[in-house]
Amino acid sequence: MGNQQLINFTTCFHCGESCAIEILPYDHHSFCCKGCLTVYQLLSDNNLCSYYNLENAPGTQQLHPVLSSSYSYLDDEKIIQQLLTYKDENIARVIFFIPTMHCSSCIWLLEHIYKLDGGVTGARVQFMKKELHISYNPRQTSLRKIVTLLSRLGYEPAISLNDLEKRVQKDDNRKLIYQIGVAGFCFGNIMLISFPEYFGLDSFTKGSFSKLFGYINLILSLPVFFFSARDYFIAAWKGIRSKFISIDIPLALGILVMFVRSTYEVVSGHGIGWFDTHAGLVFFLLIGKWFQQKTFDTLSFERDYKSYFPIAVTVLRDNSETTLPVTSLSIGDRILIRNNELIPADAILLKGDAHIDFSFVTGESDPMHKVLGEIIYAGGRQIGHTIELEVCKKVSQSYLTQLWNNEAFSKDQRSSIESFQQLVSRYFTLALLIIAFASAGWWLVMAPSLALNAFTAVLIIACPCALALSSPFALGTAMRILGKHQFYIKSPQVIEQLAHMDTIVFDKTGTLTQPSAASIHFHGKELSLVEKKLIASLVSQSIHPLSQKIKSFLVQSNLLSVSTLKETTGKGLSGTVDNHSISIGSAAFLNIPQAADDNLSTKVYIDIDNNLLGYFQVDHTYRKGLKEVTDLLRPTYEQYLLSGDNEKEKEKLIPYFKEENRLFFKQSPADKLFFIQQLQSTNKHVIMIGDGLNDAGALRAANVGISITESTSHFSPASDVIMSASMFDKLPTYLAFSKNTLKVIHASFIISLMYNIVGLSFAVQGTLSPLFAAILMPLSSVTVIVFTTISTTLLSRKGGLQ
Amino acid sequence: MSVMFILIGCSLLLALGFLSAFIWSVKSGQMDDDYTPSVRILFDDAPQSETPSDVTSLPKT
């Protein structure tokens, strides 16, 4: 019995977790659980042990065995059809999203999956997207077999309703790469061919080449103008039609004028034109666009309840169990929900002992006990034995999913705050047009032959290339830096939005509290090893979260068998272990008088052979650094707290929020949404920070919604930012950094404006040469790119983000 | 100097060749994933492995 301390130092060969509960030796390695051992056996039998050579302990812990019935819905032909990307008689292709994929061993094993299932003909991993592309022979294996195999190995594919409803492949990215490639190709060749002109070399050959070079340049510019630059014309045209002046209008105007004037010059034999500047401008602009387009592929910012809900559910029909897709569930269907399964639609409890964990929906952290005949809302997770329910509302009509019918979800989220670039480009465009027409007018009076020349030169040189580049590069750099610190931003514009916020609303459960790490202490006489073992043996029989917490607190192996066991729902459990009668539970359960102030924390009393030994006190812990975060944010932001929980923690939270009227309890998901909208109607710019489906409405309605998650591979509701919970204490740093980024943008606008003024001063005099433009344009662009990238990086260092 | 015409033609043809190589590489999905291939190239096949089946036939998406 004295070797328990040693055991804790042994780590599992498969998953690297410490073997706290049991230790299974096999093949000179130790394993922490049966699941890990099974995976190892499977791999070693198939000669796949290279898996363990590439990385140390690459697996994921396999505490819960995969039930063979879990994926029976994958036999349904209709569901298969919707999941496959391609199918004929001999080959079927499917793409799985595998959240647990994390290292090179994973890639290796997943790509060698054909060794475990002969029907698989090819497997390819796209690591950044955490995707596995599989092609298989449907006559030799089935989708269900493959998914079950993957799950057994610890790589459970995430299959959700969302996958069934839409499968959109993003091809935008490829198109942009084509455009950049074409523009870069043309830019380089045009520069090369323009060289003789730059250096006046053509005078040696008496101009015989100049015409040829002009025409080659014209031909090379065609793909730039018609293919690479087309999106700018489309955007500008859309802007004009909706009477919205964006930076695309002066850009498109500049590109158009440059192309038309150069074509005219070449065809009429007046000169060689501005094709080099034209191609270079488009090339740089596209690079900026590409830089800004960096997205976090593995994260989805658009998830709604559909990706949280299961894809299929067990339905009882004519006394036999079948699986039905959740979407075709109708009122009156009888469904079976097993331990840890989700209830997909509002339903009435018919049979069984229901303990429903609604933490994700309401924020209430303790499981609720439901009696027969009661309505159970969708989104709850059953903990305990299988229950039988009758569906009383369709999935899309249920209490929870109705939140998505709110207009906050239907409106297109056009940001409420105008970005700095939009603001500037409006005045810029106006000023540009005035200068262009004014100089044309001046020259019409003074020297009419120069008027058109000056007019087009103004439009060409003022084309706000550097201006258009400063925002993408500053925001793109900031986004990368924040992403490195697990603060993932949906689009670069969100950083600018963040800089303007003045109010922060927190959710409580899961956001300020740490769901997994409730702190637990024992009060009373110190427990002996025997007593610890007795208690651990008893609580290991219960699946109540409190029992689980006590069990992991005690850390015992070689548990004893329990001879009698009685669990009283919501109160406690009693039983006989090794001839000792033990009762564990609430004060009421053990008939102990309870003090009045006891509702701040949960206490679990222990009684062995009618001796009261003491109690375990379970407190919710707040996230590390909560005090510092609220203190640092207080001067700049108004802070509120919304909780779905009851008021028992109010006293504890007041020190963090100072004023009592900033705390709101028992808030339904719709209340939260309404609260945000009310704040906004008083001209507040609101950040909402939440984690669960119950915050989905508020996250959506807020100007910036930040969803906080323990692991980025887990579900997180639709939001603008996904933030790793471990970085919660860095929140003030991130917000300050977003403000600094905005300052960088302001500074770079000034730089690019100065370039424009220099260029314009030549243009209005009608003395702008193509060579000058060809130097000035790339120079200004490069200056702005270098300035924004370097200063944003420096500011992040200064702010403590490396 | 008329050799210049041929030279320019050659250089443009060569450049077009590179452009088409680039377009082909994008089309075949080489720009879609810039991380996994860097890891994949380091994998060794186990010495006693049987004939590897056709893992290179990619599902094109």
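In table form, for the structure just shown:
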| quantity | calculated |
| --- | --- |
| Exclusive hit being aromatic (Phe, Trp, Tyr), surrounded by fewer than 13 Cβ atoms within 10 Å (Cβ to Cβ) and either touching a Ser or Thr at 6+ places or on another chain (Cβ under 8 Å) or at pLDDT 90 or above (or both), set A:PHE185, A:PHE213, A:PHE233, A:PHE226 | A:PHE226 |
| Pairs with Cβ under 6 Å, 6+ apart, first in the stretch A:186-204 and within 11 Å of another protein chain (Cβ to nearest Cβ), second outside any helix (DSSP H, G or I) and at pLDDT 85 or above | none |
| Wholly enclosed strands (runs of 3 or more DSSP E) of the stretch A:486-537 bearing at least 3 residues over 15 Å from A:GLY614 (Cβ atoms) and in contact with a strand residue (DSSP E or B) (Cβ under 7 Å, 6 or more places away or on another chain) | A:487-489, A:503-507 |
| Filtered residue count, the stretch A:633-656, keeping only those that are of a type outside the set (Ser, Thr, Tyr) and in a loop (DSSP other than H, G, I, E, B) | 5 |
| Failed condition for A:ILE98, given (1) more than 14 Å from chain B (Cβ to nearest Cβ); (2) under 24 Å from A:VAL313 (Cβ atoms) | (1) |
| Which numbered condition B:SER20 misses (of (1) modelled with pLDDT of 90 or more; (2) under 30 Å from A:LEU116 (Cα atoms)) | (2) |
| Selected residue [touching a Phe, Trp or Tyr at 6+ places or on another chain (Cβ under 7 Å) and either assigned to a helix (DSSP H, G or I) or more than 20 Å from A:LEU433 (Cβ to Cβ) (or both)] from A:SER752, A:SER748 | A:SER748 |
| Filter result for the condition that a residue is crowded, with 20+ Cβ neighbours inside 10 Å and among the polar types (S, T, N, Q), over A:THR767, A:THR733, A:THR788, A:THR793 | A:THR788 |
| Residues satisfying the stated conditions in the stretch A:618-647, i.e. of a type in the set (S, T, N, Q) and surrounded by 17 or more Cβ atoms within 10 Å (Cβ to Cβ) | A:THR630, A:GLN639, A:SER643 |
| Some residue of the stretch A:103-125 being among the aromatic types (Phe, Trp, Tyr), in contact (Cβ under 8 Å) with a residue 40 or more places away in the chain and over 21 Å from A:SER44 (Cβ atoms) | no |
| Top-ranked residue of the stretch B:16-35 - restricted to ones that are in a loop (DSSP other than H, G, I, E, B) and hydroxyl-bearing (Ser, Thr, Tyr), ranked as nearest to the other protein chains (Cβ to nearest Cβ) | B:TYR35 |
| Residue match in the stretch A:790-800 (condition: touching a Ser or Thr at 6+ places or on another chain (Cβ under 8 Å), outside any helix (DSSP H, G or I) and within 30 Å of A:GLN486 (Cα to Cα)) | yes |
| Single residue of the stretch A:121-145 satisfying the filter (out of contact with any helix residue (DSSP H, G or I) (no Cβ under 8 Å at 6 or more places or on another chain), within 14 Å of chain B (Cβ to nearest Cβ) and not in a loop (DSSP other than H, G, I, E, B)) that is surrounded by the fewest Cβ atoms within 10 Å (Cβ to Cβ) | A:LYS129 |
| Single unsatisfied condition, A:ILE113 versus (1) at pLDDT below 85; (2) in contact with a strand residue (DSSP E or B) (Cβ under 8 Å, 6 or more places away or on another chain) | (1) |
| When residues of the stretch A:159-175 are limited to those that are surrounded by fewer than 17 Cβ atoms within 10 Å (Cβ to Cβ) and modelled with pLDDT of 75 or more, the one nearest to the other protein chains (Cβ to nearest Cβ) | A:ARG174 |
| Test: residue in the stretch A:530-549 that is farther than 18 Å from A:LEU573 by Cα and at pLDDT 75 or above | yes |
| Residues within the stretch A:25-64 that are surrounded by 15 or more Cβ atoms within 10 Å (Cβ to Cβ), of a type outside the set (A, V, I, L, M, F, W, C) and away from chain B (no Cβ under 14 Å), tallied | 9 |
| Flag for A:ILE80 being in a strand (DSSP E or B), modelled with pLDDT of 80 or more and aliphatic (A, V, I, L, M) | no |
| Test: residue in the stretch A:220-242 that is in contact with a Gly (Cβ under 9 Å, 6 or more places away or on another chain), assigned to a loop (DSSP other than H, G, I, E, B) and over 29 Å from B:LEU14 (Cα atoms) | no |
| Residue that is nearest to A:TYR51 (Cα to Cα), among those in the stretch A:108-120 that are within 10 Å of chain B (Cβ to nearest Cβ) and among the charged types (D, E, K, R) | A:GLU111 |
| Selection count, the stretch A:657-690, where residues are under 25 Å from A:GLY379 (Cβ atoms), assigned to a loop (DSSP other than H, G, I, E, B) and touching a residue at least 24 places away in the same chain (Cβ under 8 Å) | 2 |
| Candidate set: the stretch A:673-703, residues that are modelled with pLDDT of 90 or more and within 20 Å of A:PHE728 (Cβ to Cβ); chosen: the one farthest from the chain's Cα centre (by Cα) | A:VAL686 |
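The values are calculated or read from the model by the stated rules, or taken from the named source; none is laboratory data. The structure presented is a predicted model; accordingly, all values stated were derived computationally and were not measured. Cβ: placed from backbone, ideal geometry, glycine included. Neighbour counts: every protein chain shown.
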